[in-house]
2 protein chains.
Amino acid sequence: MKTGSSVKQANLKSERNAPLAMSGEEFRVLGHQMVDQIAVFLDGIRERPVTVASSPIALRQLLGSDELPVNGAKADELFTETSRLLFENSLLNGHPRFWGYITSSAAPIGALADLLASAVNPNVGAAVLSPVATEIEAQTVRWLADLIGYPRDCGGLLVSGGNMANFVAFLAATKAKASWDIKNDGTAAAERRLVAYVSTETHIWIDKAAELFGLGKSSIRQVPVDADQKMLIPALISAIETDISNGLQPFMVVAAAGTVGTGAVDPLPAIKKVCERYGLWLHVDGAYGAPAAMLPDASEDLRGLNLADSVALDPHKWLYSPIEAGCTLVRDKRYLIDAFSHRPAYYNFNGDGENDPINFHEYGLQNSRGFRALKVWLAIKHVGREGYEKMIGDDIRLATELFQFVEAEPMLETGSHNLSITTFRFVPKDLDSGTAEGSEYLNKLNTEILNRIQKGGEVFVSNALIDGRYFLRACIVNFRTTTSDLEALVEIVVRIGKEVDAELRSATIAV
Amino acid sequence: MKTGSSVKQANLKSERNAPLAMSGEEFRVLGHQMVDQIAVFLDGIRERPVTVASSPIALRQLLGSDELPVNGAKADELFTETSRLLFENSLLNGHPRFWGYITSSAAPIGALADLLASAVNPNVGAAVLSPVATEIEAQTVRWLADLIGYPRDCGGLLVSGGNMANFVAFLAATKAKASWDIKNDGTAAAERRLVAYVSTETHIWIDKAAELFGLGKSSIRQVPVDADQKMLIPALISAIETDISNGLQPFMVVAAAGTVGTGAVDPLPAIKKVCERYGLWLHVDGAYGAPAAMLPDASEDLRGLNLADSVALDPHKWLYSPIEAGCTLVRDKRYLIDAFSHRPAYYNFNGDGENDPINFHEYGLQNSRGFRALKVWLAIKHVGREGYEKMIGDDIRLATELFQFVEAEPMLETGSHNLSITTFRFVPKDLDSGTAEGSEYLNKLNTEILNRIQKGGEVFVSNALIDGRYFLRACIVNFRTTTSDLEALVEIVVRIGKEVDAELRSATIAV
């Protein structure tokens, strides 16, 4: 250690004065400040608009100068400004009256779990980098499997959300069913082209998967659904038979446990039989609906997800986790490793043989991985299976109530009710929806109603297309929602519906 | 609203009593508790072992019962237990003596940013779901581009880390260069097979990309490197010419701005010329090294990343963000949208034409997306460009010091020094490393030294293979590291090296 002193700078010897360094005391003061601001926000969330729906230009102006800052700014002032900016200019999916898209009202315990995960900062890509976090994630996977009645010895991992949860399963299925060395030779080397089957109601993740992963969208068959938006088994069989006779290789059926539009659950046991007959991989997209399988009165169709080769479920959809928390479960974990594993020379992750470390980078697309599992694990420990049963059961009861409120309201028409999704639309009393003209008018009317609702900030719903008809859609995955909130929704839709109807009619007359 | 009352439960009318609900006051108390525990952890991090390297079995036992909890448990007790479990059983990449793999010492401000992001819970998949968060992410992308000298009007998004950042660019390049409708027809429809070029030092993400996205690993050409681990231009040209004459379609060169092994930077301007000549997409994997391009004394090779069609850089690697924070930048954002966009019927994300909302789900693989950008944005605002210049510059100066310490230590041999990575190995005085036997012994010796270091918890380094030789590797992306820590590293390696050497020699004699 004789040389080197010439380049040493006094400030590096034992003290960096790094601008991002923060003492425990500084962290404590800033942390309390942030927690206090969030506490006030949580208490007042009901009084805020669900969204202020500002224009992008207005929001950009709120951000101030767009120049990269050269000098820094004090953390406490930044925190106060930034908290306020976010509280006042976000769509609040934690609001009791948010039922748009499928994003949970996030549990506050999840935010504190994310804080802890981020402070400790484990990289859950490999056991050596995240010893206990890896074990907690593995336990979370077992518990999620238990929760929905899936075999607890499955493989699985936490991912960013529904797309990725389904992508992981899709890639595992592709590898499992390709008869050639697809990892080396690519999809082009197939003797017979691989074909997958989904219902027409499937979320667009399937198109994205086919487009990005080399099969191409034309390898996806959309099987028609019945009046309840469930996949038609005879149509599925017929599509498979046609492809086989055309020299293609059916390899996978994607069934929904809760479609994104109306929450429909495909007939999983019947689909499983078809998969067995033709040797196909059954993947269940339960990103939204899988947790409902834990309920004592879950349907046989839904419970059938325990027959699947793989399941996607998103704790940030119906287990009230903050974003991001998705999960893929694969019955036989070797298929995950087959699809995703690498063991390059510069990694040194393997165990000493005494027991078996889990390296999650071998289970999915990511290499570095955050500790998403912590928020899911802590919430499960905090409320237990019973707590989830109550919350999910209550969400479903509320969606049932909403359906009944709509039925009782002469200006509204029900569309569907599955799991915790209820769809409905505004129908003026004198309108004949049976004609093409009437039907078109209703779509236009309800589209405009939705636009106003989404900008008004009183409540927030989204839309679903059922057989070409445009419905408003409330998806209740929100532990803050009460009956009163749904009564208010009905009232608001009727009020806005009347307004828009009057405006559209006078505009027509004016023309 | 006349019916529906029969199914109403008293507890749903205006109060859910949801087990995950938490009042502001409860959140405040629990939040302060968590912040206080983390503050103590941060202050004491230097005194902890870097890792305790427990076995998976021992860790599983620490978790207690593996049964899914039926009932819940109190949050405050859970927090105290869980914090302790994590503090005591994690690999602490925030420790001043952690230089293994490439994971930043995470800035405490980043953890508080993650708390805020998680509490507000924006879904940054679409502007309507995350009005201000979307704009903050877009500004973060512009600032990151500015920081590394890339055009600020590029497209880009935050992703989970290096794999995903590179995957996004890989998929954009594939779509851009495919002459057929690859999204519909798949890779199999290519008239000429697509081929990509990387150096032999490229991170394995490239294999995973080729394997998962349908091209197959055999479509990747590994171009040899020179003695400094930089891609050899003549070899690149020759590989391209060979493929063209064999009827294949070269489409992309992946160059490294900081290889994962030794931090080597490929000659980017020279590679750009080759890409122009053959019409290839230039992607720069700067996941680790790109931020160093901001330094006044950055090399011309490194600054050449501003010529790339796309760049990957990871704020959680060298901008001291907590995991996960990766980023892809694409010069022309239309290529991102071409590769990833969908506009299905059940989304209602489009603007009203007055201005242009950004929907990040159209820029990458994810649909639901967390607010990763906040921690990056807040840190940039907190320390500014100047703060990052100082911290990154200091990391490089420390790596230079380490190299000099190693040079001055007779028992150690230097391997390489690029950016903030220094590699070295233990070489017993009497050993002839020129013989095959000696070389093999050195690899065995240093492998065992690394294993002991990684289990010992005093310091944490990883390894690099250079030309078949096994080196210890310290990557300093750690604003807590000081010169004294590196002096300690040298001392510890020499001590353990001597021990292991003596043991290996006596074992050989014993046999």
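Tell me, please, whether a residue that is farther than 23 Å from B:I392 by Cα, modelled with pLDDT of 95 or more and either in a loop (DSSP other than H, G, I, E, B) or open to solvent by less than 10 Å² (accessible area, probe 1.4 Å) (or both) can be found in the stretch B:89-106. Write out each step before concluding.
First, pick out the residues of the stretch B:89-106 that are farther than 23 Å from B:I392 by Cα: B:89-90.
Applying the additional criterion that residues be modelled with pLDDT of 95 or more yields B:89-90.
Keeping just the survivors that are either in a loop (DSSP other than H, G, I, E, B) or open to solvent by less than 10 Å² (accessible area, probe 1.4 Å) (or both) gives B:89-90.
Yes, the stretch B:89-106 contains at least one residue that is farther than 23 Å from B:I392 by Cα, modelled with pLDDT of 95 or more and either in a loop (DSSP other than H, G, I, E, B) or open to solvent by less than 10 Å² (accessible area, probe 1.4 Å) (or both).
Results for (1) at the interface with chain A (Cβ under 7 Å from one of its Cβ atoms); (2) surrounded by fewer than 19 Cβ atoms within 10 Å (Cβ to Cβ); (3) among the hydrophobic types (A, V, I, L, M, F, W, C), shown as yes or no for each residue.
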position: B:N17; (1), (2), (3): no, yes, no
position: B:F27; (1), (2), (3): yes, no, yes
position: B:V35; (1), (2), (3): yes, no, yes
position: B:E47; (1), (2), (3): no, yes, no
position: B:A58; (1), (2), (3): no, yes, yes
position: B:G72; (1), (2), (3): yes, no, no
position: B:D76; (1), (2), (3): no, yes, no
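Any residue at all in the stretch B:481-503 that's assigned to a loop (DSSP other than H, G, I, E, B), touching a residue at least 40 places away in the same chain (Cβ under 8 Å) and open to solvent by less than 10 Å² (accessible area, probe 1.4 Å)? Yes: the stretch B:481-503 contains one or more residues that are assigned to a loop (DSSP other than H, G, I, E, B), touching a residue at least 40 places away in the same chain (Cβ under 8 Å) and open to solvent by less than 10 Å² (accessible area, probe 1.4 Å).
The set of residues from the stretch A:246-260 being open to solvent by 20 Å² or more (accessible area, probe 1.4 Å), within 14 Å of chain B (Cβ to nearest Cβ) and not in a strand (DSSP E or B) comprises A:G247, A:L248, A:V260. For the stretch A:263-279, the set of residues classified as surrounded by 24 or more Cβ atoms within 10 Å (Cβ to Cβ) and either acidic (D, E) or touching a residue at least 60 places away in the same chain (Cβ under 8 Å) (or both) consists of A:G263, A:A264, A:V265, A:D266, listed by residue number. Against the conditions (1) without any contact (Cβ under 8 Å) to a residue 24 or more places away in the chain; (2) more than 10 Å from chain B (Cβ to nearest Cβ), A:F403 satisfies every one except (2).
Among the residues of the stretch A:60-70, which ones are assigned to a loop (DSSP other than H, G, I, E, B) and more than 7 Å from chain B (Cβ to nearest Cβ)? Passing the criteria: A:G64, A:S65, A:E67. Out of all the residues in the stretch A:296-311, is one or more of a type in the set (S, T, Y), in a loop (DSSP other than H, G, I, E, B) and open to solvent by less than 10 Å² (accessible area, probe 1.4 Å)? Taking every residue of the stretch A:296-311 in turn, none turns out to be of a type in the set (S, T, Y), in a loop (DSSP other than H, G, I, E, B) and open to solvent by less than 10 Å² (accessible area, probe 1.4 Å).
Is it the case, given these coordinates, that B:K390 is outside the structural domain of B:G286 (by TED's automatic domain parsing), open to solvent by 40 Å² or more (accessible area, probe 1.4 Å) and modelled with pLDDT of 95 or more?
Values: outside the structural domain of B:G286 (by TED's automatic domain parsing): yes; open to solvent by 40 Å² or more (accessible area, probe 1.4 Å): yes; modelled with pLDDT of 95 or more: yes.
Criteria met by B:K390.
Restricting the stretch B:417-470 to residues that are open to solvent by 30 Å² or more (accessible area, probe 1.4 Å) and β-branched (V, I, T) leaves a set whose member that is nearest to B:G258 (Cα to Cα) is B:T447. Criterion applied to A:V168, A:V120 was being facing another protein chain (nearest Cβ under 8 Å) and of a type in the set (V, I, T), and the one residue passing it is A:V120.
Pairs meeting the criteria (first residue in the stretch B:436-456 and touching a residue at least 60 places away in the same chain (Cβ under 8 Å), second residue part of a helix (DSSP H, G or I) and open to solvent by less than 50 Å² (accessible area, probe 1.4 Å), beta carbons under 6 Å, at least 6 apart or on different chains) are lacking. Scoring A:T435 on the criteria (1) modelled with pLDDT of 95 or more; (2) among the polar types (S, T, N, Q); (3) more than 21 Å from A:L398 (Cβ to Cβ) leaves a single failure, condition (1). Has the stretch B:216-238 got any residue that is in contact with an Asp or Glu (Cβ under 7 Å, 6 or more places away or on another chain) and within 30 Å of B:I380 (Cβ to Cβ)? Within the stretch B:216-238, not a single residue is in contact with an Asp or Glu (Cβ under 7 Å, 6 or more places away or on another chain) and within 30 Å of B:I380 (Cβ to Cβ). Across the stretch A:361-394, the qualifying residues are those that are out of contact with any helix residue (DSSP H, G or I) (no Cβ under 7 Å at 6 or more places or on another chain) and of a type in the set (D, E, K, R), and the one among them that is farthest from the other protein chains (Cβ to nearest Cβ) is A:R372.
So which residues in the stretch B:464-480 are within 11 Å of chain A (Cβ to nearest Cβ), modelled with pLDDT under 95 and not in a strand (DSSP E or B)? B:G468 - this is the single residue of the stretch B:464-480 that is within 11 Å of chain A (Cβ to nearest Cβ), modelled with pLDDT under 95 and not in a strand (DSSP E or B). Listed conditions (1) of a type in the set (G, A, S); (2) touching a His at 6+ places or on another chain (Cβ under 6 Å); (3) open to solvent by 10 Å² or more (accessible area, probe 1.4 Å) are all met by A:A127, apart from (2). Here the strands (runs of 3 or more DSSP E) wholly within the stretch B:155-238 that include at least 2 residues being surrounded by 24 or more Cβ atoms within 10 Å (Cβ to Cβ) are B:155-159, B:194-199. Among all residues of the stretch A:130-140, there is none that is part of a helix (DSSP H, G or I), farther than 30 Å from A:I358 by Cα and more than 7 Å from chain B (Cβ to nearest Cβ). For the stretch B:421-441, check the following and say yes or no: at least one residue is part of a loop (DSSP other than H, G, I, E, B), in contact with an Asp or Glu (Cβ under 7 Å, 6 or more places away or on another chain) and not assigned by TED's automatic domain parsing to the domain that holds B:P296. Yes: the stretch B:421-441 contains one or more residues that are part of a loop (DSSP other than H, G, I, E, B), in contact with an Asp or Glu (Cβ under 7 Å, 6 or more places away or on another chain) and not assigned by TED's automatic domain parsing to the domain that holds B:P296. Within the stretch B:63-89, the set of residues being without any contact (Cβ under 8 Å) to a residue 12 or more places away in the chain, under 11 Å from A:K381 (Cα atoms) and of a type in the set (G, A, S) comprises just one member, B:A73.
The values are calculated or read from the model by the stated rules, or taken from the named source; none is laboratory data. This one's a predicted model, so the numbers in the text were calculated from it and none came from an experiment. We place every Cβ from the backbone using ideal geometry, glycine too, and count neighbours over all the protein chains shown. Ligands, DNA and RNA are excluded from the accessible area calculation, which covers all protein heavy atoms including side chains. Shrake-Rupley method; radii C 1.70, N 1.55, O 1.52, S 1.80 Å.
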